[in-house]
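Visitor: The structure's right below; bear with me while I get my questions together.
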Amino acid sequence: MTLVHTLGFPRIGERRELKFALEAFWRGDSPAAALEETARFLRARRWQTQAAAGLGLVTVGDCALYDHVLDTTLLLGAAPARFGFGAARIGLAEQFALARGNADQPALEMTKWFDTNYHYLVPELDARTRLSLHAGALLDEVREAQALGHRVKVALVGPLTWLVLGKSHEADFDRRALTGAVAEQYARLLGELGALGVEWVQLDETALVTDLDAGWLAAADAIYARLGAAADGKAGATAEAAAARPRLLLAAAFGDVSRHAARLAGWPLDGLHLDLVRAPDQLAAFLPDWPEGRVLSAGVVDGRNVWRNDLRRSLATLAPLHGALGDRLWLAPSCSLLHVPVALDAETRLDAEVKPWLAFATEKLGELALLAHALDAASRHDLGARAEDDAVLARALAASDAARGARLASRRTLHRTVRARVDAITATMTERASPHAVRAVAQQAALGLPPLPTTTIGSFPQTAAIRAARAAHRRGELGALDYLHAMRAEVADVIARQEALGLDVLVHGEPERTDMVEFFAERLWGYAVTEHGWVQSYGSRCVKPPILFGDILRPEALTVDTASHAQSLTARPVKGMLTGPVTMLQWSFVRDDLPREQVQLQLALALRDEVIALEAAGIRIVQIDEPAFREGLPLRAADQPAWLDAAVRAFRLSAAGVADSTQIHTHMCYSEFNDVLPWIAAMDADVITIETSRSNMELLDGFARFDYPNQIGPGVYDIHSPRVPSVEAMLALLRRACAVIPRERLWINPDCGLKTRGWIETQAALANMVEAARQLRGEMA
Ligand code: GLN
Ligand code: ZN
């Protein structure tokens, strides 16, 4: 029998139960016991889902309340000393203090998990880090699953990956100094899991798909040698621990590890999981000498995307493997299913044509079970049981073929006009008429802005009233016209407030947008949106990526009506507000039948038309947000320049259709720019607004060193906190900015949009910001 397993499963719950339980607990509305009860219920349900789908092992250890990397850090006893938890038992309060900060200490830093939109808490490692095993919570979870009758595989962040992802604030601390200690704790853990009768442990060593230097590879060798020695009863492991040690499955998701084939062959592994969706060709490097007795877990169902599997194609890949390996072939999704929504059947309003083309996490388990069934049936062929005779299988294959056929043949998938336009893109279409220095003069003549102009990033507080109006509209209780009036009233309100505050460049406030990507996805052809397709982003936060299934067509203007209404209310310039092509692509589930670059260009063309339409309607400034600009950056350095070039080209295509006098802004909010600065400059936006306040403007040094040629608005206050920064604090940041960037090229703005803030602090903070600008202008004059 071919065994099916999953590297991981969504933990937030089909109805985001975990989110609501966490937030109720944090607000103090419900006790710890209620949160723990919900978490237990959700664990039982996910294991049940896996068992019911026919998986031979259910996955335990990936059920984090907040983040699985944090769980690993706690497992290793590596809470940073600055929190002062000492030997105290880490409970919910301590766990959430690490995740969200407390009165004395900021939270652990958070960053993206490889090239996904999931954010993990970065292990903070330094010379004071001492590791010790705290496996109680994990062992309890194992017992819980066993008590429910499940055969358990424990999934953990691998020791190498945990170390690689760690960060040190001490420049001279080398995390590899912890290699031995980390290996030691994992070895002990394996013993404890073995004693509980856990048969398999999956170590997620995603770091292996990134660029690792010789030093890191040596550390990896040392770690796995130690884990192997534990198995052989050497190096101090007790005989019992060795006998009971679970088997090790190393999982390498998100890329190609064929360059490590020889090295991996030498590690003491009982199984290796390969991502055959991202890197199908890597198999060739492994196959000729697949180690005797080792399991190959074939990741053939895409864990990063929502398309139904092409079962016939998967079977073609798998059949020879099955022939060679027999039961040593396992089936799995390419990576953890954390990155896709839970279940398709929750969707009742999803585009009826598109829905049969999709498979979410639960459906993907079903696909894997079917593939296993097909392989097993085919190998019984000799005994007379032909795969084709199997009715279930025949139906599934037919449905898979039909879905794929329908998807490729749909009129909405292929729009000849769109394809022709992409083919006809020329170099001039990605060039503004003049260089920035010339444009800046034309723009100043048109806009007449004061020095150090003040502006905001786009959104203003999404108040309860706005959300209520939207919900009523969705339920059909508020008609289209009434909803439009409600939104217009909000726009009028924010315009009046901005005028009263004395801001120079205004925004309409984005009250009509639930989400900066979904708003456009709902209006562009080629996109479908879901009701419940939530994916965890970090902690209790989820995103609902829209599904980009077809050629992108802009059927009518998307934002012109709102922008011109806002502009009609004031003599000051109002910025048009769009989400850029790179971000639209990055934050969507994207069709896999067309190169992503092509899709990105289709998006860029649609946005270009919108930019031109805004200009024609009298909008003099258009901001094209690209907060996800570097998110899709390939994991390996060698692949990055080509990707960045394509991203820049798409952005420029969307922006370059306007006259010199129309000012293009872009906005990005993260703090790693230095490695991509040449490309940011190549985007050639007239103004870029970025997040800098939390790094105390340090980020600007890179821009200064690079001699960034266009205008910059470094964020002067952190919008993530309700704290109202003082005039002096902002002045201090601005003086630092003035020291590195010429004043004629500086703008003054917050770090990011204000939609998560309340009005009271927003108004106070912006008043201080405008006052800081006034004082600085006074000093300059
Ligand atoms: N214009 C958007 C806003 O202000 C930008 C959001 C973002 O950078 N993520 O909300
Ligand atoms: Zn932002």
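Visitor: Hey, if you drop one equal point scatterer on each alpha-carbon of the chain and run the Debye formula without solvent, what base-10 log of I(q)/I(0) do you get at q = 0.05 Å⁻¹?
Guide: -0.28
Visitor: If you place +1 on the Cβ of every Lys and Arg and -1 on the Cβ of every Asp and Glu, how big does the dipole about the Cα centre of the chain come out, in debye to the nearest 20?
Guide: I would put it at about 620 debye.
Visitor: Then there is this: Which one, ALA97, LEU121, LEU35, projects farthest toward the positive side of the charge dipole computed for segment 1-149 from Cβ point charges (K/R +1, D/E -1)?
Guide: The listed residue farthest towards the positive side: LEU35.
Visitor: Over the chain, average the accessible area per residue using a 1.4 Å probe and give it in Å², no decimals.
Guide: 38
Visitor: In segment 92-125, which residues have a backbone nitrogen under 15 Å from the label point lying 7 Å from ASP140's Cα in the Cα-to-Cβ direction?
Guide: 92-96
Visitor: So, with a 1.4 angstrom probe, what is the percent of accessible area on the chain that is carbon and sulfur?
Guide: 54
Visitor: Just to be sure I understand the model, the point goes 7 Å from the Cα along the line to the Cβ. What's the resulting THR570 to ASP718 distance in nm?
Guide: It is 2.8 nm.
Visitor: Tell me, what is the Rg over Rh of segment 716-776, with Rh the Kirkwood radius over Cα pairs?
Guide: 0.97
Visitor: Given the -39500 (n - 2.57) contribution per DSSP H run of 4+ residues, what per-residue ellipticity at 222 nm results for the chain, rounded to the nearest 500 deg cm²/dmol?
Guide: My calculation for the chain gives -13500 deg cm²/dmol from helical runs alone.
Visitor: Taking segment 681-723, which trypsin sites (Lys or Arg not before Pro) meet the DSSP loop condition and have no more than 12 other C-beta atoms within 10 Å?
Guide: When the trypsin sites (Lys or Arg not before Pro) of segment 681-723 are filtered for loop state and at most 12 Cβ neighbours within 10 Å, ARG723 remain.
Visitor: Suppose each label sits 7 Å from its Cα in the direction of the beta carbon; what would the ASN102-GLU477 distance come out to in nanometres?
Guide: Label at ASN102, label at GLU477, 4.1 nm between them.
Visitor: Report, by chain and number, residues whose modeled amide H sits under 5 Å from the one on SER537, excluding near sequence neighbours (fewer than 5 apart, same chain).
Guide: Amide H neighbours of SER537: CYS542, VAL543.
Visitor: Under 17 Å Cα-Cα from LYS755, which lysines qualify once same-chain neighbours fewer than 8 residues away are excluded?
Guide: Within reach: LYS575.
Visitor: Please work out how much length the chain gains when fully extended from GLU37 to ALA729, using 0.36 nm per residue of separation minus the C-alpha to C-alpha distance, in nm with one decimal.
Guide: Gain on stretching GLU37 to ALA729: 244.7 nm.
Visitor: Mind listing the phi-derived Karplus ³J(HN,Hα) values for segment 177-187, rounded to whole Hz, using 6.51, -1.76 and 1.60 with θ = phi - 60°, and x for any glycine or proline?
Guide: 4, 8, 3, x, 5, 5, 4, 4, 5, 5, 4
Visitor: If you don't mind, there's one more thing I want to ask. Which ³J(HN,Hα) values, rounded to whole Hz and listed in residue order, are derived for segment 450-456 from phi using the Karplus coefficients 6.51, -1.76 and 1.60 in 6.51 cos²θ - 1.76 cosθ + 1.60 with θ = phi - 60°, glycine and proline given as x?
Guide: So the Karplus estimates, Gly and Pro as x, are x, x, 6, x, 9, 7, 10 Hz.
Visitor: Let me ask something else about it. Which is farthest toward the positive dipole end of segment 606-737 among ALA617, PRO641, ALA704, measuring Cα position about the Cα centre, with Cβ charges +1 (Lys, Arg) and -1 (Asp, Glu)?
Guide: Working it through, the farthest residue towards the positive pole turns out to be ALA704.
Visitor: Further question on the same structure: For the chain, find the longest principal axis of its Cα atoms and tell me its angle to the long axis of helix 759-780, 0 to 90°, nearest 10.
Guide: Relative to the chain, helix 759-780 is tipped by roughly 60 degrees.
Visitor: What FRET efficiency would be calculated for the residue pair ARG411, ARG27, taking the C-beta separation as r and a Förster radius of 56 Å, to the nearest 0.05?
Guide: Efficiency at R0 = 56 Å is approximately 0.70.
Visitor: Run the numbers for ASP401 and TRP525: contour at 0.36 nm per residue of separation, minus the present Cα-Cα distance, in nm.
Guide: So the extension gain works out to 42.2 nm.
Visitor: Turning to a different aspect of this structure: Using a simple charge model, +1 on the beta-carbon of Lys and Arg, -1 on the beta-carbon of Asp and Glu, nothing else, what dipole does segment 436-580 show about its Cα centre, in debye to the nearest 20?
Guide: Dipole about the Cα centre, nearest 20: 240 debye.
Visitor: May I ask what percent, to the nearest 5, of DSSP beta bridges between residues of the chain are antiparallel?
Guide: The antiparallel proportion sits near 15 percent.
Visitor: Run the quick spin-label model on THR111 and ARG380: label points 7 Å from Cα toward the beta carbon, then report their separation in nm to one decimal.
Guide: Each label point lies 7 Å from its Cα, and together they span 5.1 nm.
The values are calculated or read from the model by the stated rules, or taken from the named source; none is laboratory data. Remember, it's a predicted structure, so these values are computed and weren't measured experimentally. Glycine also receives a Cβ, built like all others from the backbone with ideal geometry; neighbour counts cover every protein chain displayed. Ligands, DNA and RNA are stripped out before the accessible areas are found, and what is left, the full protein with its side chains, is counted by its heavy atoms. Shrake-Rupley method; radii C 1.70, N 1.55, O 1.52, S 1.80 Å.
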